[in-house]
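Coordinate-derived values only; no laboratory data. These figures come from a predicted structure and were not determined experimentally. Glycine gets a Cβ as well: all are built from the backbone with ideal geometry, and neighbour counts include every protein chain shown.
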Amino acid sequence: MAALDTGILLETGTNELEIIEFFVDEDGPEGSRRHYFGVNVAKVLEVLEAPPGLAPSPAAAHPSFLGTIPLRDLILPVVDLSVWLELKRGQRSNEPIIVTEFNNVITGFLVSGVTMIHRVNWADVEPPSRVVSGLNTNCITGTVHMEGHFTLLLDLELALAELGGLTGREEAVAIPRAEERYRALVADDSTSVRQLLRQNFEAANFEVQVVSDGSAAWNALAALKETAVREGRPVTDYLDVLVSDVEMPLLDGYTLTRRVKDDPELGRLPVVLFSSLISKGLRHKGEAVRADDQVTKPEFATLTERVLQVIRKNR
């Protein structure tokens, strides 16, 4: 199996993404059932065949951890995705490992098989239903209808967090508290991240409005714009900053930022992107839509300070 070309030729801010679709075959008393999942291709380095003999260790910190394998100059930790998803995977021959890189961490995820790469529009990605959201791992960020079945988009960041792979979120740091009261609109599709962001920004003396996707954020901004125009005041009299994730159902953070910056009334509003996708290789995407700053999720501890700097610079 070969490495993937993740330099995707998608124009930034068109609300499109490409996902690699894979599946886990669950064996049960009534036969095998196939579950389809997907992840943004921008997070995938390559797909390789699992070596024989991969098995969990009784001493592993999490039952899904299968140990490490050599990968050129790396030691690759491998996670059995079916165990983390609480699915009873039936073992097959030639099972693939999806090698991902995000949040500055490279990890392999063992699955039953890989189908293909799909190009989709975020508008076609629906938020998870109540049934899906009720999974023990709360690991689904969206669903897409694909040729006769639904593909569930996985929150692999949550998997790494549960496996101790996101140490940046766990550091205890002092939150800088602004002398002046500021107002922030925060958009993120992860329930746990929204809670953390609300807590941190409130501790930093922000009045915070939190929404779960870019479409809801745009609607909130449109309402503020209407009020500002009616009262003859700039939008920044009502809101100081927009903080947005990149990967979100309905409307992604890049497209949301482009809309804000292209709007004559909203264009002066500072926008800070906060995402696991932000890296040296992908930072140009945020620059293309004129984001004022981009913070990767391992830099969680510095987010509020970076946002304060952007607000003060804007003023």
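Side notes on the structure shown:
- A cut-off under 12 angstrom between Cβ atoms defines the neighbours of ILE19, and their net charge, with Lys, Arg +1 and Asp, Glu -1, is -3.
- Among the trypsin sites (Lys or Arg not before Pro) in segment 63-154, those placed in a DSSP loop whose Cβ has at most 14 other Cβ atoms within 10 Å are ARG72, LYS88, ARG92.
- Qualifying trypsin sites (Lys or Arg not before Pro) for segment 248-300 [loop in DSSP, other Cβ within 10 Å: at most 14]: ARG268, LYS280, ARG290
- Within segment 173-314, the ratio Rg/Rh, alpha carbon atoms throughout and Rh by Kirkwood, equals 0.93.
- Taking every full run of DSSP H in the chain, none both stretches at least 15 Å from end to end by Cα along its long axis and averages 0.5 or higher on the Kyte-Doolittle scale.
- Seen from SER112, the other residues with C-beta closer than 13 Å to its C-beta sum to a net charge of -2, counting Lys and Arg as +1 and Asp and Glu as -1.
- Under the criterion of Cα pairs below 8 Å and six or more residues apart, the relative contact order for the chain equals 16 percent.
- Above 26 Å, the calculated P(r) of the chain contains 48 percent of its Cα-Cα pairs.
- Across GLU157, GLU46, GLU226, mean-square fluctuation computed from a Gaussian network of the chain (C-alpha pairs under 10 Å connected) peaks at GLU226.
- Ellipticity at 222 nm from helices only: DSSP H runs of n ≥ 4 in the chain, each -39500 (n - 2.57), divided by the residue count, give -7000 deg cm²/dmol.
- Cα centroid separation, segment 37-82 to segment 196-231: 39 Å.
- Rg and Dmax of segment 16-162, both derived from C-alpha coordinates alone, stand at 14.9, 44 Å.
- Three-way shape label, segment 189-254, alpha-carbon gyration tensor, a/c 1.5: oblate
- Here the residues HIS35, HIS62, ranked from fewest to most Cβ neighbours within 10 Å of their Cβ, fall in the order HIS62, HIS35.
- Counting only DSSP beta bridges with both residues in the chain, the antiparallel share comes to about 65 percent.
- The chain: most fluctuating residue of VAL229, VAL271, VAL105 per GNM, C-alpha cutoff 10 Å: VAL229
- Among ASN205, ASN103, ASN219: highest mean-square fluctuation, GNM of the chain, C-alpha pairs under 10 Å: ASN219
- Dipole magnitude of the chain about its Cα centre (Cβ charges: Lys, Arg +1; Asp, Glu -1), debye to nearest 20: 700
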